[in-house]
Amino acid sequence: MDDMVRSALRDMAEETGPPTGDLAGRVVAARRRRRTRTVVGAALATTAAVIASVLAVPALGGDDTPQLASQTRTDDVVAHPKQSPPRELIAAGRTALAAYAITENVKAPQDSRIRRKTWYLLDQESGKYVKTDKWSVVDVAPGMRTAVVLEQQLPTRRIGLLDLLTGEIERWIPVEQGVAGVEFSPDGRKVVATTYSENPDRLFKLDYDLNADGKLNDYDWDKNTSYRTGFYVLDVDSGEGSWSEVPVRHDEHGMVEVNLRQDFAFTDSGKLVYSGLMVEPGNRYYDFAGKETSAPANEKHLDWSVEARLSPNGKLAAGGFAGGARTTASEIIDPYTGKRLHKTRGQQLLAWADDNRLIAWDIAPDTGEFRQQLVMVTIGSDKVVPLSGFLKGTDGSSGRWSPVFTTR
């Protein structure tokens, strides 16, 4: 069987399955950007079907055809509320936990530290999360068949496409500019790769006591420096694309407008990229040539730190924290006006399970703000469905893990 037919069979496997202090201040500080994505693949499915009919390929499910754990485990909710970090597949509705990372600071030259990630990726054969320390950055395409990865030494000049069934790199995409961040477009056909001149995960020793423990042992970002240089938009199939230089601006006090690591991401339509800002207006948008442009009408009220963003049908948007000193809640807004439409359970909204349910971090009643677990919340209901066990420790300590979601 030639490579084209093997590729078509892999694509068929991918497309088979069901369609698919202050608490508020601490929450905002702790958020990380990540979006849930939609599944698009009709063209691939059509091509695969034509090849299958010509060659009389057996239907998916035979002895020789690959089975994706994220698609064969079709329960609406797949939860493991006693597992933290999770060992087996977690999913709700159209969305699944594709991977997660545990971060620790490791020693680096000149009395600095590197925030190094150990990743746990869903093995599509076993349905379990498998540890790997090969990659510094991971994102997973819709369908959970392929991941885009970067090696540990950043910035790097090649981008890997990882097969989640075999655990092997399918191919490398070489680049001329050093890359330290990668993310798929919503349809999985493109990748935006953020370029940096130095490793954005490097921390420097402070000359003051950050944690007020009486010791000068703290490390943090250099708030006056940004190594970000621009971005690539690359076609996944061909590896072709272009690089755009995007200078980082400074305010009147010399402070940079972005975090030391502030990667670019695609808009919901996949037609633009954007960057979050630490200053107003909060986001800045660009076309694929690097030209600054206006925000899409349905995204101008979105906060880059709220990972869930738009609902699958585009009618609702995840908003910020709306709880109090002892309660957790988040708002659901009209994406075109920014007006609050609903208030729902959940401390941080991470991904949409469908148009009415979301996956979120939340804390147990009468517990500390760091005792979080993954839950599913429903708009208009107080019901909370636990999906994982509780995180351990506080921000930055062992036992904390960061999820990556995508559509299954």
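The values are calculated or read from the model by the stated rules, or taken from the named source; none is laboratory data. Just so we're clear, the structure is a prediction, and the values are computed from it rather than from any experiment. Neighbour counts run over all protein chains shown; Cβ positions are idealised from the backbone, glycine included. Just so you know, the surface numbers come from the protein's heavy atoms only, side chains and all, with ligands and any DNA or RNA stripped out. Shrake-Rupley method; radii C 1.70, N 1.55, O 1.52, S 1.80 Å.
Does ASP355 meet the test of being at pLDDT below 95 and open to solvent by 50 Å² or more (accessible area, probe 1.4 Å)? No; evaluated as a whole, the condition is false for this residue. Restricted to segment 267-332, the set of strands (runs of 3 or more DSSP E) holding at least 1 residues that are over 18 Å from PHE231 (Cβ atoms) and either of a type outside the set (Phe, Trp, Tyr) or modelled with pLDDT of 95 or more (or both) comprises 317-321. With a requirement of 3 or more residues that are buried (at least 18 other Cβ atoms within 10 Å of the Cβ), the strands (runs of 3 or more DSSP E) lying completely within segment 62-177 that satisfy it span 95-108, 112-123, 135-140, 146-151, 156-163.
Among the conditions (1) surrounded by fewer than 12 Cβ atoms within 10 Å (Cβ to Cβ); (2) outside any loop (DSSP other than H, G, I, E, B), GLY254 misses just one, which is (2).
For every residue, the table says whether it meets (1) open to solvent by less than 20 Å² (accessible area, probe 1.4 Å); (2) under 22 Å from the mean Cα position of the chain (by Cα).
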site	(1), (2)
SER275	yes, yes
GLU280	no, no
ASP287	no, yes
THR327	no, no
ILE359	yes, yes
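Could you tell me whether any residue of segment 363-377 is among the small types (Gly, Ala, Ser), over 24 Å from LEU97 (Cα atoms) and open to solvent by 10 Å² or more (accessible area, probe 1.4 Å)? Yes, the conditions are met somewhere in segment 363-377.
If you go through segment 185-232 and keep only what is modelled with pLDDT of 95 or more, in a loop (DSSP other than H, G, I, E, B), open to solvent by 20 Å² or more (accessible area, probe 1.4 Å) and of a type outside the set (Phe, Trp, Tyr), you end up with ASP187, ARG189, SER197, GLU198, ASN199.
Suppose we filter ALA98, ALA91 for residues that are at pLDDT 95 or above and within 20 Å of LYS134 (Cα to Cα); which single one remains? Answer to the check: ALA98.
The numbered conditions (1) under 20 Å from PRO81 (Cβ atoms); (2) touching a Lys or Arg at 6+ places or on another chain (Cβ under 7 Å); (3) not aliphatic (A, V, I, L, M) are all true for ASP354 except (1).
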